[in-house]
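The values are calculated or read from the model by the stated rules, or taken from the named source; none is laboratory data. Note that this is a predicted model, so its numbers are computed, not measured. When we count neighbours, we look across all protein chains shown, and the Cβ atoms used for this are built from the backbone with ideal geometry, even at glycine. Just so you know, the surface numbers come from the protein's heavy atoms only, side chains and all, with ligands and any DNA or RNA stripped out. Shrake-Rupley method; radii C 1.70, N 1.55, O 1.52, S 1.80 Å.
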Amino acid sequence: QWVLQRIPVVIPQHTEARPAPHFLSQARLDVTSTCDPECHKKAPHPSYWDLRSLLAYETLHSNGRLTETAIRIYGYNPNSNTTPAYLTGSSGKAERSHVRRKRQIFGHDGRFSIAGQDFLLKYPFSVAVKLSTGCSGTLVGDRHVLTAAHCVHDGKNYVKGAQRLRVGFLKPKQRDTQQSSFHLLSNFTNHVEGGPSPYAPPTSDIMKFQWIRAKRTHVPKGWIKGNANDIGMDYDYALLELKKPHKRRHMKLGVSPPAQGLPGRRVHFSGFDNDRPGQLVYRFCRAGEETSDLLYQHCDAQPGASGSGVYARMWAGRRWERKVIGVFSGHQWVERQGASQEFNVAVRITPLKYAQICYWIKGNFMDCREG
């Protein structure tokens, strides 16, 4: 079940203007790293001053203005990190792939294409959105979208389209309740019973998007400063503030629990994989290895799904509740002792990241003390 814990305070200290971005490079829809779980686990613990530097952030405004904000941290002791990944190593070994396979699909493709208005516009699928740069995102507030930092910033500068960034809300062109129900049921039956690959909806169900412009984009300096040496992977997240409310139900944030604390060790996410244009693609899988900041899993995914909110469904005292516990970053493969190891990686929402993202959404740390 969800266990609420006390959250530290991450608040702005001062903000200053930065040189205008260039917006020259194309957004990369997948990010690779040569650092595997063991490599990340051996990274030194960041000090208090390191964390202040990593959690400082840039804000890109829709008029092209760029600012940088320094932060202060209260109520956090970097030496008291009790994350099981640091205390006892991995909470469980992920299955390892020793054969190079099709990128980001591990064996049988277990993804489901969600079709039809009755499913697309229903929670939790309705919280998935598409970015104009080609990535995915998740609604986490009345006008806020959580996504991956690499969808708007390549580690050196902001990408093409970041200034006029738009967020797309999927809606079907036609209503076809009976066929849609059959498509979802067929997908699920095929997946569970080991039948053919999930059934794709017919072309008559091609979807269209309603777009809303982003007003502000927040990116942590940990991504900008650390991308060249893999530490940036820990901070591959960004928050978009829309120019107007989206008027849909959003998903709450949650601090990422240890993998063994998840029901069936299972995580879920929905996004817009680029090999299925115009379709919302849902998947779930068993969580594998973890570090303090990253969660490794073998959920089937393709570029375009990065930025999707990884969520868990757990008991909240009186009902089952879904919360976003991470951001899907992308695919990694590492050559070790002549064998290829492959992982899909999500950035975990730690208490400090929760405090930061929640402050970006609420604007008041008093509303962000439990997560």
Exception for Ala70 within (1) modelled with pLDDT of 90 or more; (2) open to solvent by 30 Å² or more (accessible area, probe 1.4 Å) falls at (2)
Just one listed residue, out of Trp315, Trp320, is touching an Asp or Glu at 6+ places or on another chain (Cβ under 8 Å) and among the aromatic types (Phe, Trp, Tyr), and it is Trp315
(Q) Any residue at all in segment 18-26 that's closer than 27 Å to Cys358 by Cα, open to solvent by less than 60 Å² (accessible area, probe 1.4 Å) and part of a helix (DSSP H, G or I)? (A) no
Scanning segment 301-310 for residues that are modelled with pLDDT of 90 or more and out of contact with any Ser or Thr (no Cβ under 8 Å at 6 or more places or on another chain) gives Val310
Going through segment 332-370 in order, the residues found to be more than 26 Å from Asp36 (Cα to Cα), in contact with a Leu (Cβ under 8 Å, 6 or more places away or on another chain) and at pLDDT below 95 are Glu370
When Arg52 is run through (1) surrounded by fewer than 18 Cβ atoms within 10 Å (Cβ to Cβ); (2) part of a strand (DSSP E or B); (3) of a type in the set (D, E, K, R), the failure sits at (2)
Considering residues that are touching a His at 6+ places or on another chain (Cβ under 9 Å), in a loop (DSSP other than H, G, I, E, B) and within 16 Å of Asp109 (Cβ to Cβ), the number found within segment 249-301 is 3
Return yes when Gln297 is polar (S, T, N, Q) and open to solvent by 10 Å² or more (accessible area, probe 1.4 Å) and no when it is not.
-> no
When every residue in segment 250-277 that is at pLDDT 95 or above and open to solvent by 30 Å² or more (accessible area, probe 1.4 Å) is compared, the one farthest from Tyr354 (Cα to Cα) is His250
Counting only residues that are among the basic types (Lys, Arg) and under 13 Å from Phe328 (Cβ atoms), segment 267-315 contains a total of 1
Kindly establish whether Val310 is in a strand (DSSP E or B) and within 18 Å of Val3 (Cβ to Cβ). no
Going through segment 2-17 in order, the residues found to be farther than 30 Å from Asp154 by Cβ and not in a loop (DSSP other than H, G, I, E, B) are Arg6, Val9
